[in-house]
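Student: Structure incoming, see below.
The values are calculated or read from the model by the stated rules, or taken from the named source; none is laboratory data. Keep in mind it's a predicted model, so treat the numbers as computed, not measured. Cβ placement follows ideal geometry from the backbone for every residue including glycine, while neighbour counts extend to all protein chains displayed. SASA here: full protein model, heavy atoms, side chains in, ligands and nucleic acids out. Shrake-Rupley method; radii C 1.70, N 1.55, O 1.52, S 1.80 Å.
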Amino acid sequence: MKRWMFWLITAIVVALVFIGFGYTKKRETQKQFDNLMSQAITNAQAAEYKKTELNLQDALRKKPDDVVAKQRLEQVKLYQEGLAELKQDDYEQAQLTFRSTAKISPSLSILTQRAKKKDKLLESVLKQREKYDDLYNEAIRLTEIGAYSQSNENLVQILDGKNIDEKYYSQVRKDARELQERNNSILEQIRIQNQQAAIRRQREQQRQEEAKKAQKAAASSSSSAENQNGEPKKNDDKNNGQDNVKDSSESKPETNNSATEPQPNNENK
């Protein structure tokens with residue numbers, strides 16, 4: 001009887017020891033779990049998302065079925081995906097990812113807030129990018145038809161646009177500057193060609209004016225020479241006519257005198 005009591009007491013003691021050990025271990029596990037969850041929140045607030053992910057993974061090792069830890073781990077992973085998409089300038093997909101991040105519950109509240117903020121930011125960015133894209137596409141069309149100055153007017157609206165220096169618009173900003181440089185280069189070539197054409201026209205006009213002046217001078221010189229050569233000839237002809245009249249008048253009396261001169265009378269002899 002005493003022996004039986006001994007073993008019974010021993011079994012009870014052992015059971016109590018195991019129960020106590022299990023309870024202690026459970027309390028220790030819960031404490032470690034709580035610490036890891038707390039560290040996850042702290043790291044999330046500090047934007048240490050990889051550390052936050054590791055904290056939650058360790059917490060799930062302590063309590064594999066904990067729903068809060070699972071949801072928060074999913075949230076932090078999704079948030080990091082959104083950041084990666086944002087870095088790759090995939091703004092439309094990043095916006096969708098951040099929206100999904102904000103909908104997860106239970107969640108890390110700081111990630112929910114940040115995801116909503118980025119969703120709102122990207123909505124504004126995408127609308128502005130759409131405006132810039134429309135201006136750029138129209139600028140390309142104008143360049144293709146040779147309207148380079150009008151194309152530049154569209155590009156100025158982009159390059160002077162709101163928040164154009166932000167990273168979200170880096171590609172459209174780069175494209176706009178390249179097209180503007182191309183337009184300016186063509187416009188400079190056209191300016192030089194027009195300037196050269198104007199110089200050629202001016203020279204041609206001067207040449208024509210000089211030719212007209214030379215022709216006019218030659219005509220004037222020829223007219224003067226004809227006048228000088230013609231006047232003496234007229235005077236000579238006049239003098240010759242007078243001489244002829246004089247000669248004729250002088251020779252006439254001689255003829256008349258001979259006709260009227262008396263002939264000798266034979267009878268008187």
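Student: Within the range 61-127, what whole-number % of the accessible surface is contributed by carbon and sulfur, with the 1.4 Å probe and all protein chains included in the calculation?
Tutor: Carbon and sulfur together cover 48 percent of it.
Student: Each residue of the range 140-149 in turn: what ³J(HN,Hα) in whole Hz from Karplus with 6.51, -1.76, 1.60 and θ = phi - 60°, glycine and Pro shown as x?
Tutor: 4, 4, 5, 5, 5, 9, x, 8, 5, 5
Student: Here is a further query. Restricting to DSSP loop positions (anything but H, G, I, E, B) with no more than 14 other Cβ atoms inside 10 Å of their own Cβ, which GluC sites (Glu not before Pro) remain in the range 147-197?
Tutor: E166
Student: Less than 13 Å Cβ to Cβ from E209, Lys/Arg counted +1 and Asp/Glu -1: what total charge do the surrounding residues give?
Tutor: Neighbour charge sum, excluding E209 itself: +4.
Student: Any idea of the accessible area per residue across the range 149-231, 1.4 Å probe, to the nearest Å²?
Tutor: Value returned for the range 149-231: 77 Å² of accessible area per residue.
Student: Shifting gears a bit: Please name which of P64, L96, L86 has its Cα lying farthest along the dipole of the range 49-109 towards the positive end, using unit charges on Cβ (Lys, Arg +1; Asp, Glu -1) and the Cα centre as origin.
Tutor: P64
Student: Find the lysine pairs in the range 58-123 meeting two conditions, Cα atoms under 24 Å apart and a separation of 8 or more places or different chains, and report how many there are.
Tutor: Step by step, the pairs that qualify in the range 58-123 add up to 23.
Student: Here's another thing I want to ask about it. Using the crude model of +1 on Lys and Arg Cβ and -1 on Asp and Glu Cβ, and no other charge, please compute the dipole size for the range 125-195 relative to its Cα centre, in debye to 20.
Tutor: Computed charge dipole of the range 125-195: roughly 120 debye.
Student: With Cβ to Cβ distances under 15 Å as the rule, what net charge do the other residues near G82 carry (K, R +1; D, E -1)?
Tutor: That works out to +1.
Student: Under unit Cβ charges (Lys, Arg +1; Asp, Glu -1), what dipole magnitude, rounded to 20 debye, does the range 17-173 have relative to its Cα centre?
Tutor: 1200 debye
Student: Then there's this: Short version: what are the Cα gyration tensor semi-axes of the range 56-201, square root of 5 times each eigenvalue, largest first, in whole Å?
Tutor: After scaling each eigenvalue by five and taking roots: 52, 12, 9 Å.
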